[in-house]
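> Before anything else, here's the structure in question.
Just so it is clear, none of the values below were taken in a lab; they were calculated from the coordinates. Fair warning: this is a prediction, and the values are worked out from it, not measured in the lab. Don't worry about glycine lacking a Cβ; one is built from the backbone with ideal geometry, like all the others, and counts go over all protein chains shown.
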Amino acid sequence: MYTFKDYYKNEVKLSFEDQPFSEHPLHVWVICVYEDKWLLTEHKERGIEFPGGKVEKGESAKEAAIREVKEETGGIVEQINYIGQYFVSGKSENVIKNVYFATVSSLEQQATYYETNGPVLLEVLPTDVKHREEFSFMMKDGVLKYCLSHVKRLR
């Protein structure tokens, strides 16, 4: 287990065990690749980040992850794997989020990408994301760093 502070100085606990904090997390985050490129989205308020969001009533976290990729990028998930789960001890609430790694087979153009501006494809993730304003706060803590080390084993 890894413990660190997020962008807003909240304590984060990240584990690569099978759902150590909750069997029914309310949030998901999906690290995606499409045609050997990183598939992200540009959130209208937060900036560039991997797709994710809330688990809706009646759906599993994995189903939510697949739906969020489609809604925010137009991506059709071909394969998806659970990576880990993290717990954020926030100032106003606690958040538990499953992290997945997905391979996307195709991108469909959509009339809306909901709260995002649609897909962003990157050949390489910049090493200085922490200092780049165009990236979301969600890309600026240990969750991405540690999860990417696990993703390397899956690729």
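> Restricting to Cα pairs below 8 Å that are 6+ residues apart, what does the relative contact order work out to for the chain? Please round to a whole percent.
30
> Follow-up question, since we're still on this one. Rounded to the nearest 500 deg cm²/dmol, what is the calculated helix-only ellipticity per residue at 222 nm for the chain, with -39500 (n - 2.57) per DSSP H run of length n ≥ 4? Before the final figure, lay out the partial values.
Details: 2 runs with 26 residues, N = 155.
Using -39500 (n - 2.57) per qualifying helix, the result is -5500 deg cm²/dmol.
> Cross-link partners among lysines for LYS5, C-alpha distance below 17 Å, same-chain residues fewer than 8 apart left out?
List returned: LYS13, LYS91, LYS97, LYS130, LYS140, LYS145.
> Through the Karplus equation 6.51 cos²θ - 1.76 cosθ + 1.60, θ set to phi - 60°, convert the phi angles of the range 64-72 into ³J(HN,Hα) values in whole Hz; use x for Gly and Pro.
5, 4, 5, 5, 4, 4, 5, 4, 8
> Return the single residue from PHE50, PHE101, PHE87 with maximal mean-square fluctuation; model: Gaussian network over the chain, springs between Cα atoms under 10 Å.
It is PHE87.
> Radius of gyration and Dmax for the range 1-147's Cα atoms, expressed in Å?
Answer for the range 1-147, Rg first and Dmax second: 14.4, 41 Å.
> Still on this model: Would you order THR73, THR103 from fewest to most other beta-carbon atoms within 10 Å of each residue's own beta-carbon?
Going from least to most buried by this count: THR103, THR73.
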